[in-house]
Structure formats: C-alpha cells, structure tokens
Amino acid sequence: MAESSVQHSAGKSRKTVLQRKASRAKEKLFQSLGKADRTRDDGFETYVTNFSKQQHAANKLFKEIRRYVSSVKAMELSSKALYDLLAEIHEPEWVEHDIVQEASQKSTNNWEQYVNKLNDDVMEPLTQYHAHFAEIRQRIDKRGRKLVDYDSSRHQFAAQQKKMDESKINKAQEELLDAKVLFDDLNVGLYEQLPGLYDSRIQFYTDIFHAVFTAERSLHKDSMELDDKLYDAMSALKAEYSSDNYKCQRFEPVVPTIPTVVISPSSSPNKSLNIVGNSSNQAQDTTFGVYDVAKPMNGPEGNGPSTSVAILETPKGPSKYKYIETLFKEIFCAATKHI
C-alpha cells in the first residue's frame, strides 16, 4: 500500500509539472501574439540588465585571473629551475659560493609565497563571488516563470468571472492568490538583493586588484634585493677571473714520432731497400726483389702491420736518381698509412 501511494503521488506530481509547463507555454504564446497582456516591471528589468553586465564582467575576471595564476605557477617552476642550475654550476671554490646557494633557496621561497597569496587573497574570494552569480541567475529565471504563472492565473480568473460560476471563480481566485504569493516572495527578495550586488562590484574589484598588486609588489621587492646580491656575486667572480684566478693548468701537446725511411744502394745488380726502424721487422726477398717496410710502433710489442714493396731493376744513367726519388715517395706513403 505504501509503495502504491508513493507511485500515485509521484505520478500526480509529474502530471502537475507537465500541466504547469503547458500552461506557461500557452501563456507565452498568447503574450507574443498580443492576445494576452503581460505584467511589465521596468525597474526590475533595469536591475536584470545591470546584473547581466556584472555577471559578464565577473566571468571574464575569473577567467583572466585564473589564467594569470596558472602562468605565475609556470613561472615559479621556470625560476626554480634557473636558480637551481645557477647553484649547481657555481663551483664550491669560486668566490661568493654561499651567497649563490642561499639565493637559490630564497628565490624558491619568494615564488611560493607569491603563489600562496594569490590563491588565498585572490582566487578564493573570486571563486565565491563568481559562483554567487549562478545562484542569483536561477532565482531571476524562477521569478520569470512565477510571473508567467501569475499572469496565467490572472487571465483564468478574469475568464471565470465572465462565466458567473461561483465555484470556479473561487477556485481561480485561490490559484491567483497562491501565484501572487510565490511571485511576491521572489520579487521582493531580488529587489533587495540586485541593487546591493551591483553596487558591491566597486568594492570587490578594488579588493581583488589590491591583493594582486600587493602580492606582486612584495615579490618584485624581494626579487630585486636578491638580484642585487647575485649581481655583486657575479661581478666578484668576474673580477677574480680577470686576475687569472680559477684558470686550469696548461699542458704541452704530445706529438707522435714518424719512422725515418732511408734508401741505400746495394752491391747486387738490383738496388736494395733499407728501412730504418725495428730491425726485427725487416726482411728481404732477394729472389723477387721484394722488401718489407718496418712495422710502425703501435704498442710495446711493435706489432703494427707491415707493407711489402716490389723493387724493380734501377735504370742506369741520369734517370736513376729520378727513379729512386719516385720509389722513395711510394714507399714513404705506404709506410705512413699504418702509423
């Protein structure tokens, strides 16, 4: 029985809501067609116009302040990374190293305080101020619906009066009085609230921007003092460097040695080739006139690769020296490839 009673009540409530929506739609249609008059309130319309402008400004202010705070947080991270890097690359033996280390931590604290002030003194009251408009807008819209209900009940009451049916007239009059009570309750409350809300915008704007500028001024003041200390520290380091301090030790470059190649004439008809170097790496093939170039020293064992060069019979006459010179260049190039 209880469940059926609840279902019956819910169904009746939905039916009442649908009937009310249909009645409002019908009333608005007749008003737009000029078949029914509409209760006008020019004073309240002025309040609503002012409220709409104020709400639009509050939306933009909330959006920009939130973006500003987000940018400040990003700047906080960037500043921390920069000052931490300065403390890292500033070597302990350099002058004013302790000041640089302290400045890095001080900068982090300054930015943290700045962000906290913006959150506490700006974002928190602004969020409450911004959310307040949605609530008032709902009440304004509800007043509009109740005004339509009041106009509809007024027209119904006027129509029943023409029919001279006392019971229907009494019922219509009762509905009209109920609609008027609901409307007056919202209307009086908004009449008291909207003008005060619109006037409060000046005080709110000054408080918000005063908090922003106070926090920003404090950050800039602390940052300026910190920058002066760091500037003096960098100047001191530059002066020390100009005095040849902190310069690293210089060393002479190591130049690798190059093997010496000497060509000497041989007693045999074919000219022999002698390579000055590691004698253990020299060999001669007398049958084919092929000689091994000494292996370059690539390690303590001197086990570098060897190069074999074929020696042809030396021409006689003046061209002999030109031939030897050409042969020397070829042997030297082959030997130096493995150095």
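The values are calculated or read from the model by the stated rules, or taken from the named source; none is laboratory data. Predicted, not measured: the structure shown is a model, and the values here were computed from it. Ideal geometry is used to build each Cβ from the backbone, glycine not excepted, and the neighbour counts take in all protein chains shown. Note: accessible area is taken over every heavy atom of the protein model, side chains too, but ligands, DNA and RNA are not part of it. Shrake-Rupley method; radii C 1.70, N 1.55, O 1.52, S 1.80 Å.
Annotations
- All other residues whose Cβ lies under 14 angstrom from that of residue 67 are scored, Lys and Arg at +1 and Asp and Glu at -1, for a net of +3.
- Per-residue SASA remark: residue 232, around 100 Å² accessible (1.4 Å probe; ligands, DNA and RNA not included).
- Kirkwood hydrodynamic radius of segment 140-247, from inverse mean 1/r over distinct Cα pairs, in Å: 20.6 Å
- Sparsely packed loop sites in segment 86-168 (the GluC sites (Glu not before Pro) outside DSSP H, G, I, E and B with at most 10 other Cβ atoms within 10 Å) comprise 93.
- The reciprocal of the average 1/r between distinct C-alpha atoms defines the Kirkwood hydrodynamic radius, which for segment 111-151 equals 12.5 Å.
- The heavy atoms of residue 238 present about 140 square angstrom of accessible area, all protein chains included, probe 1.4 Å.
- Positive minus negative residues near residue 115 (Lys, Arg vs Asp, Glu; Cβ under 9 Å): 0
- Prolate/oblate/rounded call for segment 85-215, Cα gyration tensor, a/c under 1.5 rounded: prolate
- Amide N of segment 144-170 lying under 17 Å from the label point, which is placed 7 angstrom from the Cα of residue 204 along Cα→Cβ: none
- Residue 63 accessible area, 1.4 Å probe, all protein chains in place, Å² to nearest 10: 110 Å²
- For segment 199-261, chymotrypsin sites (Phe, Trp or Tyr not before Pro) meeting the loop criterion (DSSP other than H, G, I, E, B) and having at most 13 other Cβ atoms within 10 Å: 246, 251.
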